[in-house]
Amino acid sequence: MHPRPVDEDFRLSLWRRVREYAVPPTTIETATARRRSGDWAGACAAARVDVDLRLRDLTRTHGAGLTARVRADLRHLAPDLLRWHMPRCAPDGLLRPGLTVPLARYTVDEPDGPCPVYLVVRTPPAWAAGGQRMSLALWDGDRLREGYRGHPRPRPGRRFRFDLHRHLWDARRAHELRHRSGADGPDPRDAVPFGPLPPGHPYAVDRWADEARILLRDAGRTGGSVVVRLGARRRLVLDLSGDGGRPVAEPTGPAAFRTTPLLPDASTHVVPDLALLRAGAIDAGRLHPLVASALAPGHPVTPQPSPRTGQRPPPHRPVPGRPAPRRPRRRRPGPAGPRSRRDQAGGDAGRTDRHPAALPPVRRPRPSQAGLPHRRP
């Protein structure tokens, strides 16, 4: 493994590897073909997304009207695009384990009042994240709770939520990525240092005010403050009630953090695809077709195979004047392999089919390497 250059941005190098290996072009082509034919379950299977929901149970508990709305969203769900935009963790770029990400929220009128029903996608816990599979389910907290047993966070979270960013999974609204990501605006790396943020920060500061208004409107508010998460112990308060939504850096306590709406990570950071294109670290042809059509409209959207995972290398061609390399000879014990000279002479010294103890030992993997292909596919 070659060492990483000192001046290379670790975040860009991480996302470049993720874009190269996480979602292969064959997965995108298969899932897109099945989605366009109306087979949303087959598209989920092609993108390694398990379906843990039953529309019959939804009809029985909340009526046929909600089932029709959920079925319409499932028909336009692009599971390959969803896997493309899912949160990941360093340093391997694997899916962040133990998440419940809401994709859509539906409000149903019940006798006790409005009841929210969520369409969620879950990532497995860390101890079961070897296959890098995801699961699609419904959640209302009472009757629709498929796939929640054994999950560390079965409820929809506030930090990672896609219900306010349908362009990250809905093929009908994938074109909104250009506006929501701020592709037509200035590069945050060239902006003036803002408050506690250092120069060259990866945050979409110019989009915070608009994204905060969308968050407050979804919560039924016209103004107020939202909390922006900058790190494990860094918070910033964005106040929209005053001077045009100017962010104000204030310390927030645990109580204020729980009661104040939290700006999702999809709104806080710059979209990785946009950051890679601006830095020249990736070509638009290697992006997802829906992402490339939004961020680079004039570029062809046909995915190209990766140079490292493309065709097999050409066969060896002998060089004139040099002997061809000899291939190792395969030896098979027993009657299926070639007979030795002693066998041809009629002796029993070379016959190993009668003596199991004389067979070569079988090489077995170590216990630490037995499950490595499953943990790191």
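Among the numbered conditions (1) in a helix (DSSP H, G or I); (2) under 17 Å from Ser135 (Cα atoms); (3) in contact (Cβ under 8 Å) with a residue 60 or more places away in the chain, the only one that Leu53 does not meet is (1).
Of the set (1) over 30 Å from Arg17 (Cα atoms); (2) touching a His at 6+ places or on another chain (Cβ under 8 Å), all apply to Asp80 but (1).
When you look at Ala209, is it at pLDDT 85 or above and over 15 Å from Thr268 (Cα atoms), yes or no? No, not satisfied.
Against the numbered list (1) open to solvent by less than 20 Å² (accessible area, probe 1.4 Å); (2) touching a strand residue (DSSP E or B) at 6+ places or on another chain (Cβ under 7 Å); (3) of a type in the set (S, T, N, Q), Thr67 comes up short only at (2). Restricting Val23, Val49, Val101 to residues that are crowded, with 16+ Cβ neighbours inside 10 Å, among the β-branched types (Val, Ile, Thr) and out of contact with any strand residue (DSSP E or B) (no Cβ under 8 Å at 6 or more places or on another chain) narrows the list to Val23. Filtering the range 62-76 to residues that are of a type outside the set (A, V, I, L, M) and assigned to a helix (DSSP H, G or I) leaves His62, Gly65, Thr67, Arg69, Arg71, Asp73, Arg75.
The values are calculated or read from the model by the stated rules, or taken from the named source; none is laboratory data. Computed from a predicted structure; not experimentally measured. Methodologically, a virtual Cβ is constructed for each residue, glycine included, from the backbone with ideal geometry; neighbour enumeration extends over all protein chains shown. Accessible surface is based on the protein model in full, side chains and every heavy atom, while ligands, DNA and RNA are left aside. Shrake-Rupley method; radii C 1.70, N 1.55, O 1.52, S 1.80 Å.
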